[in-house]
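Report on one structure; see the data block that follows.
The values are calculated or read from the model by the stated rules, or taken from the named source; none is laboratory data. Just so you know, these numbers come straight off a predicted model, no measurement behind them. No Cβ is skipped: glycine too gets one built from the backbone with ideal geometry, and neighbour counts run over all protein chains shown.
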Amino acid sequence: MRVAVFIDGSNFYHCCRQSFGRTDVDLGAFAQWLVGPERQLVRTYYYNCPLPPDAPQEERDRQQRFYGRLARIPYFEVRLGRLSRKQSRCRSCGDEFERYIEKGVDMRIGVDMLSLASKNLLDVAVLVSGDGDLSEAVKAVKELGKHVELGALPVGRSWELVQASDVVTDIAATDMEAFYLH
């Protein structure tokens, strides 16, 4: 069976930090673990957004080095969305503040999953995300006769996404220990 892995980078990062207290993961080895030894990894797709220009230069440099390491992983693609500024209001105190939100990431994941499925380039899509916005894309891929598996971290998983997926692999702290870089 041909398998493609789709990793929602920001979701994965924040869930790993919250669940395990670590984010330094060998994503190539992690993706291969999700696929398993009996199936063929076609490609891994990793989605995220570059830090904004007003982020500290050290953080932006660290992110660029991270993307450079990902580019050296065989059969691994980095897909970047963008960050957009948004005015928000604190629910408790009413103060206004500015924050960044991701744009184009969820849509890109869904489009890529559907594109590969419709071109018959995969048999199974493994999605690593907890974002319920992706549940409709999961359903659409399944309607094309493909299987969709969810790699679910302990926090941040959407009930809709769990329900839409064919198989849910619960990722525990003990599973992640083999993939830490340091």
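Tabulated values for the structure
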read-out	value
Search result, residues across the range 75-133 that are over 21 Å from His14 (Cβ atoms) and at pLDDT below 95	Gln87, Arg89, Ser92, Cys93, Gly94, Asp95, Glu96
Filtered residues of the range 86-104 (kept if of a type in the set (Ser, Thr, Tyr) and under 27 Å from the mean Cα position of the chain (by Cα))	Ser88, Tyr100
Residues within the range 39-68 that are in contact (Cβ under 8 Å) with a residue 24 or more places away in the chain and more than 15 Å from the chain's Cα centre (by Cα), tallied	6
Scan of the range 113-128 for residues that are out of contact with any Leu (no Cβ under 7 Å at 6 or more places or on another chain) and among the hydroxyl-bearing types (Ser, Thr, Tyr), ordered by number	Ser115
Every residue from the range 22-38 that is more than 14 Å from the chain's Cα centre (by Cα) and more than 11 Å from Leu181 (Cβ to Cβ)	Gln32, Trp33, Val35, Gly36, Pro37, Glu38
Qualifying residue in the range 91-99 (condition: surrounded by 11 or more Cβ atoms within 10 Å (Cβ to Cβ), more than 29 Å from Lys146 (Cα to Cα) and among the hydroxyl-bearing types (Ser, Thr, Tyr))	no
Residue identified as closer than 20 Å to Gly28 by Cα and touching a residue at least 40 places away in the same chain (Cβ under 8 Å) among Leu80, Leu121	Leu121
Unmet criterion (only one of (1) at pLDDT 95 or above; (2) surrounded by 11 or more Cβ atoms within 10 Å (Cβ to Cβ)) for Arg17	(1)
Hey, Val3 of a type outside the set (Lys, Arg), buried (at least 22 other Cβ atoms within 10 Å of the Cβ) and over 18 Å from Gly81 (Cβ atoms) or not	yes
